[in-house]
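The values are calculated or read from the model by the stated rules, or taken from the named source; none is laboratory data. Because the structure is a prediction, the values reported are computed rather than measured. Here Cβ is always computed from backbone atoms with ideal geometry, including for glycine, and neighbour counts include all displayed protein chains. Quick note on the areas: whole protein, heavy atoms, side chains included, nothing else; ligands and nucleic acids left out. Shrake-Rupley method; radii C 1.70, N 1.55, O 1.52, S 1.80 Å.
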Amino acid sequence: MLETLLASETTGDLLVLFHRNPGLIDTLDSIARRIGRTGNSIEEDVRGLVNLGILKTRRIGRSEVLLLDRARDREVLDAVAKHLRNLEGVEKIDNIKF
């Protein structure tokens, strides 16, 4: 899971975009433009986030759109926080709220 989340700068940009705009529903190309990239260049990163369940795809008319799965995103954030708490030699992360 962490491997996918830390896969690239683009993955980070996508996560920031959707966390700042949790109600965002848009096409791959439009999302790519929002982060200054092309649709083709973000496909692999989007696929990784879809496979994790953080992003979902839906068909609206003829378009396929992406949106944040808030419940799954919360689960992933909680799992990452739990993993970080359990790392040996790392200070406890008790008061982090996502």
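Return the residue satisfying two criteria in turn: it lies in the stretch 37-64 and is over 25 Å from MET1 (Cα atoms) and among the small types (Gly, Ala, Ser), and of such residues it is farthest from the chain's Cα centre (by Cα).
The qualifying residue farthest from the chain's Cα centre (by Cα) is GLY61.
Give just the number: which of (1) modelled with pLDDT of 95 or more; (2) open to solvent by less than 60 Å² (accessible area, probe 1.4 Å); (3) not basic (Lys, Arg) does ASP29 not satisfy?
(2)
Here is a check on your reading of the model: is ASP69 touching a Gly at 6+ places or on another chain (Cβ under 7 Å) and either open to solvent by less than 60 Å² (accessible area, probe 1.4 Å) or not charged (D, E, K, R) (or both)? If you could, list the steps in order and put the result at the bottom.
Numbers: touching a Gly at 6+ places or on another chain (Cβ under 7 Å): yes; either open to solvent by less than 60 Å² (accessible area, probe 1.4 Å) or not charged (D, E, K, R) (or both): yes.
Taking the combined requirement at face value, the residue satisfies it.
Matching residues to (1) in contact with a strand residue (DSSP E or B) (Cβ under 9 Å, 6 or more places away or on another chain); (2) acidic (Asp, Glu); (3) exposed (fewer than 14 other Cβ atoms within 10 Å of the Cβ):
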| site | (1), (2), (3) |
| --- | --- |
| THR4 | no, no, no |
| ASN40 | no, no, yes |
| LEU49 | yes, no, no |
| ARG59 | yes, no, yes |
